[in-house]
Structure formats: structure tokens, C-alpha cells
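What follows is a set of notes on a single structure, which appears directly below.
The values are calculated or read from the model by the stated rules, or taken from the named source; none is laboratory data. Only a predicted model underlies this, so the values are computations on that prediction, with no experimental measurement involved. Ideal geometry is used to build each Cβ from the backbone, glycine not excepted, and the neighbour counts take in all protein chains shown. The protein model used for the area step is the full one, side chains on, heavy atoms only, and it has no ligands, DNA or RNA in it. Shrake-Rupley method; radii C 1.70, N 1.55, O 1.52, S 1.80 Å.
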Amino acid sequence: MTTRAEYCVIACAEAWRGAGEILAAPMGLIPSVGARLARLTFAPDLLLTDGEAMIVRPDGTVEGWLPYRQHLALVTGGRRHVMMGASQLDRYGNQNISCIGDWARPKRQLLGVRGAPVNTLNNPTSYWIPRHSRRVFVERVDMVCGVGYDRAAGARHHRIPRVVSDLGVFDFATPDHRMRLASLHPGVSVGQVREATGFEPVVEDEVPYTREPTAQELRLIREVLDPGDARAREVAA
């Protein structure tokens, strides 16, 4: 039986379908497995990095050098697709990873803005949320770190292809770029998504399920990319 975590891997992998020769920058275990799966199957031109200075194959073998200057050229020229996390995310894709509460007197200090503005304004950015809740999917983020569609006017490479959570897949394929429920993971209902979301997402009359992994993809996930089943610790269902 396919697990929820494996549907999440497939949903993350699909973010890089048709991407061509760009740099994949997944953050988190399931996005990393997804990017490597995409490279091994339907996105053979995808570039993977060790996060430091090397281009690597899905098994970690070095296949090239990526100096920091060249990495930044890819970042600022739209030739990287990063999949980040988010402490908060709103209906237009504005992301917060810096603080909870008022910026002057925050209730919680988080990572800080980091590279989120550069990522979101200069190359495609998707998001991975392992625990879908109203604490993450909020009406209004407390601080804008990653830039959403309502704030990105004139940014040539701004694009948020998808948001993947443990409940489903979301995109912004609506006239005003509001977040839309694109697919449900099997076993999840529209009602569950609405209950766990702090705003009303766009929900069409018929919402498909996230696609099933192929037999080859399941074998690669279970035997090659994550034989220790670490994915189950990120998404247990």
C-alpha cells in the first residue's frame, strides 16, 4: 500500500516536471527525495547540488563544480527552483519564516528572513508543509519573508508553482492568484483541508487525487532513495 509520505514525495517530485536544465534546491527530507526521484525518472536534465559547491547525482556522486558566484547567477536569473518550508503562508503565497507576532516585540523568534526575498523574486519557489494547520495556513502572515503574488508586480522570474502539504497539493492557478486546492492525497477530504486552513482556499467542484506513484517510482523510493523509511518520520500517516 502506498503511504501518505510516498504521495507527498510524488507531489514534490512533480514540482520539477518539465523543468529542463535548472538547479533543484529542495529543503527537507521529502522534497529532497522528490527531487532525486524526478531526476531519476521524468526530469533527467535536472541539476542537483550538495548544498555547498558541487553538482551531484541522485546517489551523491559528484558530477560537477558549482562555485558560489555561479550559484548566485542561477538564483538571480530564474534558473533555480527552490522548495522551501514556511512557518506561515497566506492565500497569495506570502511566506513567513522570521517571527511570530509583532516584528518589534515578537512572541517567537524564528530563522529570520534568510534568502527568502531573493528566492521568491528571482526564481520559482515552491513550499513543503509537513503538518497542515491553521497555524501555518493563515489569513495574514506576521512578516513577509517570501513574496506572494499580491506583492510581486514587476518581478520577472517570480512564480510559485505549488505548495505541497501532508493533506494535498495547492497552486495559484486562479485569475487573482489565490491559493487553489489542486489535489487531495488519498484518504483526505475537502472538509479536512478547509478545517485545517485559516482562510478559504479556492475549491473547484471536482478535486482530483494526487497521482499514484508507478511501480518503478515506489521501488526507487523504498529501495534506493530512502530505504530506511525516514520519510515516515516526517509524514506518519
**Message:** Looking at Ala19, Ala43, can you tell me which residue is closer than 25 Å to Ala173 by Cβ, assigned to a loop (DSSP other than H, G, I, E, B) and open to solvent by 20 Å² or more (accessible area, probe 1.4 Å)?
**Reply:** Ala19
**Residues satisfying the stated conditions in segment 57-66, i.e. in a loop (DSSP other than H, G, I, E, B), surrounded by 10 or more Cβ atoms within 10 Å (Cβ to Cβ) and more than 22 Å from the chain's Cα centre (by Cα)** = Leu66
**Complete:** Over segment 104-129, the set of residues touching a Cys at 6+ places or on another chain (Cβ under 6 Å) and more than 19 Å from Cys12 (Cβ to Cβ) is Pro106, Gln109, Leu110, Val113
**Message:** Need the failing condition index for Met54 against (1) open to solvent by 50 Å² or more (accessible area, probe 1.4 Å); (2) out of contact with any strand residue (DSSP E or B) (no Cβ under 8 Å at 6 or more places or on another chain), just the number.
**Reply:** (2)
**Residue match in segment 207-214 (condition: within 30 Å of Trp103 (Cα to Cα) and either of a type in the set (Asp, Glu) or outside any helix (DSSP H, G or I) (or both))** = no
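Yes/no matrix, rows are residues, columns are (1) open to solvent by less than 50 Å² (accessible area, probe 1.4 Å); (2) under 26 Å from Pro58 (Cβ atoms); (3) modelled with pLDDT under 95; (4) not small (Gly, Ala, Ser):
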| site | (1), (2), (3), (4) |
| --- | --- |
| Arg140 | no, no, no, yes |
| Phe172 | yes, no, no, yes |
| Glu195 | no, no, no, yes |
| Gly198 | yes, no, no, no |
**Item:** Restricting segment 145-154 to residues that are open to solvent by 30 Å² or more (accessible area, probe 1.4 Å) and in a loop (DSSP other than H, G, I, E, B), the residue that is modelled with the lowest pLDDT
**Value:** Gly154
**Message:** For segment 77-120, give me each residue that is open to solvent by less than 40 Å² (accessible area, probe 1.4 Å), closer than 24 Å to Glu200 by Cα and assigned to a strand (DSSP E or B).
**Reply:** Met83, Met84, Gln88, Leu89, Gln95, Asn96, Cys99
**Message:** For segment 223-234, give me each residue that is open to solvent by less than 90 Å² (accessible area, probe 1.4 Å) and under 24 Å from Arg131 (Cβ atoms).
**Reply:** Leu225, Asp226, Gly228, Asp229, Ala230, Arg231, Ala232, Glu234
**Prompt:** If you check Tyr7 against the conditions, is it out of contact with any Cys (no Cβ under 9 Å at 6 or more places or on another chain), under 25 Å from His157 (Cα atoms) and either assigned to a helix (DSSP H, G or I) or open to solvent by 10 Å² or more (accessible area, probe 1.4 Å) (or both)?
**Reply:** no
**segment 88-115, residues that are under 15 Å from Glu139 (Cβ atoms) and of a type in the set (Phe, Trp, Tyr)** = Tyr92
